[in-house]
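Laboratory data are not the source of any read-out in this text; all were calculated from the coordinates shown. From a predicted model like this one, the values you see are computed outputs, not experimental measurements. Here the Cβ positions follow ideal geometry from the backbone for every residue, glycine too, while neighbour counts run over all protein chains shown.
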Ligand SMILES: NC(=O)c1ccc[n+]([C@@H]2O[C@H](COP(=O)([O-])OP(=O)(O)OC[C@H]3O[C@@H](n4cnc5c(N)ncnc54)[C@H](O)[C@@H]3O)[C@@H](O)[C@H]2O)c1
């Protein structure tokens, strides 16, 4: 066992600042409050329930992750949020209708206390919403300054010792990296000039980095994933991560596709459709927001299957993704996957998956883990892109020129080896020959 990295203690409260107080955010907050009260378990959260093997299998050292690395305790979490509607967390959670009204009722007091700060918003980026609780500013730099002030006021009010910010707001319209995003000086000028190329999610990310607050992006829009903000994160020694939480259908894809590839089973087609009835579904009904999501969902298979290395198996995969807004289904999304595979001598087979999932139930523990690990990263002196958190994202951010790793099991190994590295433990290669010497 080596020395490891010096990690400062998670003393005091950790403020979790959520952009967007919708289905995911309120399910997270209510869940954490329920766990704090001892009336529910943090199922789905690796930081709370996961273990990590250390050393040789014969040593039988398998602590809980939260006992192995110094993470903030759930009792020390305090939440703040921004939204473009004024509903407090209780009202927003009730409207999202993810959790039972009786559970919400028992958490009413802490939820009522979370009232969103006014959002930085521009409707061209989320066409389906017309915000009523929005900031007004001379230009986009002025909006960023207001968010920095919100952050300071939140810290003073709650006494939080440290903060993290996570974008859990609606998916913004599709865009690509423009000259305004290329470097920090140009980005700051574009903020002052009120450039139409700067989206609200970029303004929040800029404000977080200005205040030295780690920023993670739970949605597929670019946000912090632009060269200017990557540069700023490194300069200000702040960790960043994204994009797009890996939850329902894509989680399944990144579990199954590595399995097919491991056994050299061919894939001819993968048709995925989602029926979704929550506000996220309504926003994604707009073709421009859907395009951002589609791009994020489509990338996964290409990288896992590596058609350039396996042209006979994956050189001709038809991958199609649909999202249909269907209000009766609410947050209980239904995902259909129809997968055309082929085996020995090219004989075709089919797999059908009908995932009756609950979007925000899957997303909430992911946001919790990302918040706790981003705080750990900052206390460990890690800055810039945190690729070891790829495990949680559909479109993981990577260093320029590096392709993202999508295979869930490689991502998990990367995450756990990073934790071992931080604590000076031997990295696990799974070679295991020594057991037979
Ligand atoms: N639930 C999942 O499984 C999952 C998975 C991956 C990504 N996501 C993404 O997470 C995000 C949140 O999902 P959700 O189901 O909670 O959606 P939601 O529509 O319930 O909540 C989003 C909230 O963001 C607010 N908002 C929009 N623009 C804002 C702005 N500029 N500033 C502040 N608030 C703003 C909206 O008013 C809304 O209350 C979406 O982008 C979604 O695509 C969700």
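Each peptide in 310-316, 166-172, 413-419 was scored by the mean count of other Cβ atoms within 10 Å over its residues; highest first, the order is 166-172, 413-419, 310-316. Working from the Cα coordinates of the chain, the gyration tensor eigenvalues give, after taking √(5λ), semi-axes of 32, 27, 23 Å in decreasing order. Which residues does a label at residue 263 reach in segment 307-342, if reach means a backbone N under 16 Å from a point 7 Å past the Cα toward the Cβ? In segment 307-342, the label zone of residue 263 (backbone N under 16 Å from the point 7 Å along Cα→Cβ) covers 339-342. Label separation (residue 436 vs residue 356): 4.6 nm, computed from points 7 Å beyond Cα along the C-beta direction. Kirkwood analysis of segment 1-151, using all unique Cα-Cα pairs, places the hydrodynamic radius at 18.0 Å. Stretching residue 197 away from residue 75 to a fully extended chain increases their span by 39.9 nm, per 0.36 nm per residue minus the current alpha-carbon distance.
Arranged from highest to lowest average of other beta-carbon atoms within 10 Å per residue, in what order do the peptides 377-384, 366-373 appear?
Numbers: 377-384: 20.2, 366-373: 25.8.
By packing density, highest mean first, the sequence is 366-373, 377-384.
Modelled label positions at residue 318 and residue 103, each set 7 Å beyond Cα in the direction of Cβ, lie 4.0 nm from each other. Among DSSP beta bridges whose residues both lie in the chain, state the antiparallel percentage, nearest 5. Roughly 40 percent of the beta bridges in the chain run antiparallel, per DSSP. With a Förster radius of 22 Å applied to the C-beta separation of residue 399 and residue 177, the computed FRET efficiency comes to 0.90. Ranking of 24, 136, 267 by neighbouring Cβ atoms within 10 Å, starting from the fewest: 136, 267, 24. If the Kirkwood radius is taken over C-alpha pairs of segment 83-187, then at 37 °C and 0.692 mPa s the Stokes-Einstein diffusion coefficient equals 201 µm²/s.
Among 151, 265, what is the fewest-to-most ranking by other Cβ atoms within 10 Å?
On the way: 151 24, 265 14.
Fewest to most other Cβ atoms nearby, the residues stand as 265, 151.
Pairwise alpha-carbon distances in segment 236-283 exceed 12 Å for 77% of all pairs. Between residue 61 and residue 43, residue separation times 0.36 nm minus the direct Cα-Cα distance comes to 4.2 nm.
Hey, what did the chain get for relative contact order, percent, Cα under 8 Å, at least 6 apart?
Numbers: 893 pairs, mean separation 89.6, N = 437.
The normalised contact order for the chain reaches 21 percent.
By how many nm would the segment from residue 295 to residue 95 lengthen if fully extended, with 0.36 nm per residue of separation less the alpha-carbon distance?
Details: separation 200, 0.36 × 200 = 72.00 nm, distance 2.91 nm.
Extra length available between residue 295 and residue 95 comes to 69.1 nm.
Computed over the alpha carbons of segment 249-356, Rg followed by Dmax gives 14.9, 46 Å.
Take the Cβ atoms of residue 6 and residue 412, set R0 to 35 Å, and the FRET efficiency comes out at 0.85. Once the Cβ-Cβ distance between residue 421 and residue 306 is put in as r, and R0 is 25 Å, what FRET efficiency do you end up with, to the nearest 0.05? Once rounded, the FRET efficiency stands at 0.40.
Only DSSP H runs of four or more residues enter the estimate; each adds -39500 (n - 2.57), and after division by the residues of the chain the mean residue ellipticity at 222 nm equals -11500 deg cm²/dmol.
Sorted by packing (mean other beta-carbon atoms within 10 Å per residue), highest first, where do 317-326, 13-22 land?
On the way: 317-326: 16.2, 13-22: 26.4.
Highest-to-lowest ranking by the protection proxy: 13-22, 317-326.
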